[in-house]
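Here the structure comes first, spelled out in structure tokens, and everything after it is commentary.
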Amino acid sequence: MATEYEAVIGLEVHTELKTKSKIFCSCPTTFGGESNTHVCPVCLGLPGVLPVLNRNVVACAIKAGLALNCDIAEFSKFDRKNYYYPDLPKNFQITQYDLPICYGGYLEIRVKGEKKRIGITRIHMEEDAGKLVHQGETISRSEHTSVDYNRTGVPLLEIVSAPDLRTSEEARLYLEKLKAILEYLDISDFKMEEGSLRCDANISIRPKGSIELGTRTEIKNMNSFRALQRALEYEIQRHIKTLADGKKIIQETRTWDEGKGVTLSLRSKEEAHDYRYFPEPDLPPLVIDRAWVAELRQQQPELPDARQARFIRDYGIPDYDAQILTNSRALADYYEAVCQLYPNPKIISNWVMGELLRCLNAEGLEIIEAKVSPQHLADMLKLMDQGTISGKIAKTVFEEMFRTGQDPARIVKEKNLVQITDEAAIAEIVNQVIQTNPKVVEDYKNGTEKAFGFLVGQVMKQTRGKASPALVNRLLKERIESMA
């Protein structure tokens, strides 16, 4: 049944901008702090106050629009979105409705090796609402709720995609690519656990080959790539099962319950708000100087796709390596810093993508939190080239560097990890291993290649991994061949 349908998915992404002050007042945007202390009469909407637009917010919006191939409107305006909710002190949100600052863009994702272009319908600026703190298992089962207005007035960009996504995987890839682009622009800190990046998804299904859209549902406020993909997968299957049971899809807004792995209904279409948009009377229309747009375009950094192409061209690494390394600006910066210190870009990419990312993921850390500096990684790779340590020992050294941040030479010295290259000493151990494993030696002579690996492992075990692997292999083969 699932193969008879395709999903139609569009995403609305809210990203919190990394400005020092809020969009219409001078209150700080720093996360945390005692509840309701980062507020003033403007962001609380008290009588007699007037909003003043933060110029940096407009600059961030233009930068995002340029990076996402949008047209930048010469004339746009702010509007009031009217609704009542406890986290909205003014009972309206200042946003942009019919004349957004950016429109008509796109970004490209790679799906199964093929590029796919996803349209960007619009980007607009708006103020964030406050935060409801629910006391209970879920929002729908909360026993009581408190309100913190510290986040009220924090500047947001809402980036709305066209309904061009067809699978939960494509949606995740889109969000990852969007995050990477905005991260390169340095306009948000993207701490998803703090709500800096939130995503709403509109989803419907239709028979494959059909051009008519099905009844859609909206899933609100997913704040991780994993949550987005899981929620969409669940919702697609829920739609399919509902139709298979002869029922109709209800147009509604739903929330994702991460613990139970299900979506839950919040409100139906009949309960949806009529927002009664009208132009914000306290803010003049926004006229964007074309010279300013040109100036910001000149200031744009190298973006992920361009950096990926340069890594392939300049460093000679595979497309896969370049894609992984440029997904994060900080990771790409780290890789390039090591490349300035060590002459083998592919060896560096192997270590960064292998041991470094493995250790970071295991500890739940970001690259900027890594204690292994580019200099220390380069120094360790040089120790391998010099024959001071083997590849196996290097992994032990790396883990110690990751844990302590110490210099690799110091770790090697203090833990006595210098590679054994004394041929006579290794030859003696090789002879002992051959004498104690006659059947394995005979198996190797008869063509069992894995038997040789066992013998190498026994020598390395007796030398605690410090023997030169190349020397061990050569001496073992020479000794066994001399026995023939």
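Here PRO374 meets the list (1) touching a Ser or Thr at 6+ places or on another chain (Cβ under 7 Å); (2) closer than 30 Å to LEU303 by Cβ almost entirely, failing just condition (1). Determine which member of the set MET380, MET384 is without any contact (Cβ under 8 Å) to a residue 24 or more places away in the chain and out of contact with any strand residue (DSSP E or B) (no Cβ under 9 Å at 6 or more places or on another chain). The match here is MET384.
Of the strands (runs of 3 or more DSSP E) entirely within region 126-173, those holding at least 3 residues that are at pLDDT 95 or above and crowded, with 21+ Cβ neighbours inside 10 Å occupy 155-161.
Scanning region 292-309 for residues that are within 21 Å of the chain's Cα centre (by Cα) and not hydrophobic (A, V, I, L, M, F, W, C) gives GLN300, PRO301, GLU302, PRO304, ASP305, ARG307, GLN308. Just to be sure I understand the filter: pairs with C-beta atoms under 7 Å, separated by 6 or more residues or on different chains, first member in region 96-121 and touching a residue at least 40 places away in the same chain (Cβ under 8 Å) and among the polar types (S, T, N, Q), second member outside any strand (DSSP E or B) and surrounded by 13 or more Cβ atoms within 10 Å (Cβ to Cβ). Which pairs pass? Matching pairs, first to second residue: THR121/ALA162. It is to be established whether one or more residues within region 30-49 are in a loop (DSSP other than H, G, I, E, B), under 28 Å from LEU296 (Cα atoms) and at pLDDT below 95. Scanning region 30-49, I find at least one residue that is in a loop (DSSP other than H, G, I, E, B), under 28 Å from LEU296 (Cα atoms) and at pLDDT below 95, so the answer is yes. Listed by position, the helices (runs of 4 or more DSSP H) inside region 280-359 whose residues that are within 19 Å of LEU66 (Cα to Cα) number at least 2 are 290-298, 304-315.
To keep it simple, each residue is scored yes or no on (1) part of a loop (DSSP other than H, G, I, E, B); (2) touching a residue at least 60 places away in the same chain (Cβ under 8 Å).
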site	(1), (2)
ASP189	yes, yes
SER204	no, yes
LEU213	yes, yes
ALA227	no, no
TYR234	no, no
ARG254	no, no
THR263	no, no
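Regarding region 320-338, can at least one residue be identified that is of a type in the set (Gly, Ala, Ser) and at positive phi? Within region 320-338 (the criterion being of a type in the set (Gly, Ala, Ser) and at positive phi), the answer is no, since none of the residues qualifies. Which residues, counting only those in region 217-256, are farther than 10 Å from ALA201 by Cβ, among the acidic types (Asp, Glu) and either touching a Phe, Trp or Tyr at 6+ places or on another chain (Cβ under 6 Å) or surrounded by 18 or more Cβ atoms within 10 Å (Cβ to Cβ) (or both)? Listed by number, the list holds a single entry, GLU252. Scanning region 277-298 for any residue that is closer than 29 Å to CYS102 by Cα, of a type in the set (S, T, N, Q) and surrounded by 14 or more Cβ atoms within 10 Å (Cβ to Cβ) turns up nothing.
The values are calculated or read from the model by the stated rules, or taken from the named source; none is laboratory data. Keep in mind the model is a prediction, meaning the values are calculated, not measured. Cβ sites come from the backbone with ideal geometry, for glycine too, and all protein chains shown count toward neighbours.
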